[in-house]
Amino acid sequence: MPIRMLSTTLPKAEESTKTPPPPPPPPPKTPDIPATPAVSKDAKPASAKKDGTGSDTPKSVDEAASKPSATTTPRRTARRVRKPKRGSNNWGPWGHRFKFMRRGPRTPGFKERKLDPQTTTLWWAERRLMQKGVYPVGSRRRRVAIRTSPNLPFEHMPYQCFQEALNILRDDRAEKVAKLQRIEKKLEALIARDSAEMQKNKARRIRETKQYMDELVIEVDINDPLVKRNSEDGLGDMNKPVYQKLARERWEEYRKLILDQRIEQFNIVPDALPKLDITADCELRFKSEKIPPGQTLKAAMTEGPPTLKVQLYEPGEKLVTVVVIDSDVPDQDIDSFTSRCHFIATNIPLSPTNPHIILPAIAQKSIKDSKAATASSSPGPTSSSSLSPSSPSPSVPVPWLPPFSQRGSPYHRLGIYILSQETPPPKPSPKAKSPKSFPSIPRVLDSEKLSNISCLYSPAAGGQREGFSLKSFRDKFYLKPFAFTMFRAVWDDTTKEVMERHGIPGADMQWKRLRNPRIKPLRKRKGWEAKRQGPKYRHLWKYTKRIRGWNDKKWRGDKRDKKWRV
């Protein structure tokens, strides 16, 4: 290991880990000069006076011979290394000196190749991709394998057993395709029939036949190894039913079980909603970091809105509303807890192929639109209800409020609810029967009504955020919750700074739990041990059990002597 600062003493130079080269052979001695040891110039005879050190003995011949002279080989000294400046990049953490060399100029398209989600392994490239809403494929080890391998397809794998298995899967797929064709012909014949006897059960039979055909379409390609690989890597077309089923099965194996456990563990039902049926996966990210459900986060991390990935397992596009609610807001007036609305975003398009909801971008766009609307001051109210469901414009009626928990308050449950905006079914007439199922049609919500929720829900609570009721909000605008995730907030070292930065009052306030006095009157203890607790029976105290509350002043009074107080 190289030395940064070398001491001037010779033993320190010999401690270097590098083995010095062997010394060169001594020069040949000349015959006319006697081989006498070299004596230093400073050597004095025995009759010399005392030197400056106070010793009257001369220096020995060995000490004088240790210094280099004209006839001896000089000792090889290590080269001094200048101590680097603090913050220098040329020195590693263990004292190694690195020499950074660039092999050559970067070829055109370098960043494009590094930003490939299938082969990139650089942290800055992964972060930039996630900021754009594109996530890298699989793990880094798999991406390295893809980049360094010839990427031979499954059909050309040189394994005999694998090729034989592929032949079996091809024959099975051909049988299912032929069966599917036969059922399609039967369905066409069933629809063409107009007999009176078939009219009663015709609709039911057509519905059951179509359902069986959908299941058969999935079974045709579900055993294909290429389909399974694309599904595991997240490269499959989520519009196809086979990829939707494979993704749903993987979600139900682990992630859905964890989410159901968190809902039951933190009493989300019935505190927030009386019933919550989860049918889609919701992945939460704060500052490009994946957050599992129920994790406790710092206030500095949740200062801005998160990014969501809501994966649908059903075909079709939806318009959704994102609501963030704190269910543990302490209220001193009612001596209990209430809820607070932290964020509402509406009219967000969502589909199986477009699962990403980038809330920071939606919030910034909403702020720009509101500033442009106020600057233009055009006559007439602008409402998002005039937009068509095919091209909605996301709006943020309630902007993001950073989650916070005051000192002394228990952890706060921050729930993120994804609700689908559906058209309410028409009210049936008294004589007509209501249909059992009604098709869900996307519906655009009016942002002006949502921005004035303070007049709809608990106006006495102090604003549009406090006392927010998710159940009333769901019933008022006919919303259906289908995805959920959560995180927790506690008081930490960054909470006060975040509250002061956003003008949130209560940063210097602390909550304390008061002790509840007993409601029922105290009753005198009964039993043999209770009767023998006084000083008269002190010889039995080592056998009797001390009863809690017997030594209190309320029970003792003046009957018991103070010197026997325990």
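The values are calculated or read from the model by the stated rules, or taken from the named source; none is laboratory data. Keep in mind that what you see is a predicted model, and the values were worked out from it rather than measured. For neighbour counting, all protein chains shown are included, and Cβ atoms are generated from backbone atoms with ideal geometry for every residue, glycine included. Note: accessible area is taken over every heavy atom of the protein model, side chains too, but ligands, DNA and RNA are not part of it. Shrake-Rupley method; radii C 1.70, N 1.55, O 1.52, S 1.80 Å.
Within the range 350-366, at least one residue is farther than 22 Å from Glu448 by Cα, small (Gly, Ala, Ser), outside any loop (DSSP other than H, G, I, E, B) and modelled with pLDDT of 90 or more.
To keep it simple, each residue is scored yes or no on (1) touching a Leu at 6+ places or on another chain (Cβ under 9 Å); (2) surrounded by 10 or more Cβ atoms within 10 Å (Cβ to Cβ); (3) of a type in the set (Asp, Glu).
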site: Met486; (1), (2), (3): yes, yes, no
site: Trp491; (1), (2), (3): no, yes, no
site: Ile504; (1), (2), (3): yes, yes, no
site: Asp508; (1), (2), (3): no, yes, yes
site: Arg515; (1), (2), (3): no, no, no
site: Lys536; (1), (2), (3): no, yes, no
site: Leu540; (1), (2), (3): no, yes, no
site: Tyr543; (1), (2), (3): no, no, no
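Thr302 - would you say it is part of a strand (DSSP E or B), polar (S, T, N, Q) and in contact (Cβ under 8 Å) with a residue 24 or more places away in the chain? No: the conditions fail for Thr302. Here Ser472 meets the list (1) more than 28 Å from the chain's Cα centre (by Cα); (2) outside any helix (DSSP H, G or I); (3) within 20 Å of Asn267 (Cα to Cα) almost entirely, failing just condition (2). Of all the listed residues (Ile183, Ile191), the sole one being among the β-branched types (Val, Ile, Thr), modelled with pLDDT under 90 and either open to solvent by less than 70 Å² (accessible area, probe 1.4 Å) or part of a helix (DSSP H, G or I) (or both) is Ile191. Only one of the numbered conditions (1) open to solvent by less than 70 Å² (accessible area, probe 1.4 Å); (2) within 25 Å of Ala165 (Cα to Cα); (3) assigned to a helix (DSSP H, G or I) is not met by Thr209, and that is (2). Filtered by the rule that a residue be outside any helix (DSSP H, G or I), of a type in the set (A, V, I, L, M) and open to solvent by 60 Å² or more (accessible area, probe 1.4 Å), the range 137-169 gives a lone residue, Leu152. Contact annotation: residue pairs with Cβ atoms under 6 Å, 6 or more positions apart or on different chains, pairing a residue in the range 499-513 that is closer than 21 Å to Ser336 by Cα with a partner that is in a helix (DSSP H, G or I) and of a type in the set (Lys, Arg), are Ala507/Lys496.
Would you confirm whether or not the range 342-349 contains a residue that is more than 24 Å from Arg407 (Cα to Cα) and either surrounded by fewer than 21 Cβ atoms within 10 Å (Cβ to Cβ) or of a type in the set (Asp, Glu) (or both)?
So in the range 342-349, the residues more than 24 Å from Arg407 (Cα to Cα) come out as 344-349.
Retained after the next criterion (residues that are either surrounded by fewer than 21 Cβ atoms within 10 Å (Cβ to Cβ) or of a type in the set (Asp, Glu) (or both)): 349.
Within the range 342-349, one or more residues are more than 24 Å from Arg407 (Cα to Cα) and either surrounded by fewer than 21 Cβ atoms within 10 Å (Cβ to Cβ) or of a type in the set (Asp, Glu) (or both).
Restricting attention to the range 229-263, the residues that are touching a residue at least 40 places away in the same chain (Cβ under 8 Å) and of a type in the set (Val, Ile, Thr) total 1. One residue stands out in the range 260-285 among those that are of a type in the set (A, V, I, L, M) and in contact with a helix residue (DSSP H, G or I) (Cβ under 8 Å, 6 or more places away or on another chain): the one that is most open to solvent (accessible area, probe 1.4 Å), namely Val269.
Can you confirm whether Lys427 is open to solvent by 60 Å² or more (accessible area, probe 1.4 Å), at pLDDT 55 or above, among the charged types (D, E, K, R) and not in a loop (DSSP other than H, G, I, E, B)?
Numbers: open to solvent by 60 Å² or more (accessible area, probe 1.4 Å): yes; at pLDDT 55 or above: yes; among the charged types (D, E, K, R): yes; not in a loop (DSSP other than H, G, I, E, B): no.
In short, no.
Quick check, is Gly316 assigned to a loop (DSSP other than H, G, I, E, B), small (Gly, Ala, Ser), open to solvent by less than 50 Å² (accessible area, probe 1.4 Å) and closer than 28 Å to Gln244 by Cβ? Here the answer is yes, as Gly316 does meet what is asked. The residues in the range 218-269 that are at negative phi, in a loop (DSSP other than H, G, I, E, B) and among the polar types (S, T, N, Q) can be counted, and the count is 2.
Are there any pairs with C-beta distances below 8 angstrom linking a residue in the range 173-188 that is of a type in the set (D, E, K, R) to a residue that is assigned to a helix (DSSP H, G or I), with the two at least 6 apart or on different chains, and if so which? Filtered contacts from the range 173-188: Arg173/Val220; Arg173/Asp221; Lys176/Leu216; Lys176/Glu219; Lys176/Val220; Lys179/Leu216; Glu184/Met213; Lys186/Thr209.
State whether one or more residues within the range 462-475 are of a type in the set (Gly, Ala, Ser), surrounded by fewer than 16 Cβ atoms within 10 Å (Cβ to Cβ), farther than 18 Å from Gly408 by Cβ and at pLDDT below 90. Let's see the steps before the verdict.
Here is the first cut: in the range 462-475, the ones of a type in the set (Gly, Ala, Ser) are 462-463, 467, 469, 472.
Remaining after also requiring surrounded by fewer than 16 Cβ atoms within 10 Å (Cβ to Cβ): 462-463, 472.
So of that shortlist, the ones also farther than 18 Å from Gly408 by Cβ come out as 462-463, 472.
Within this subset, residues satisfying the condition of being at pLDDT below 90 are 462-463.
Yes.
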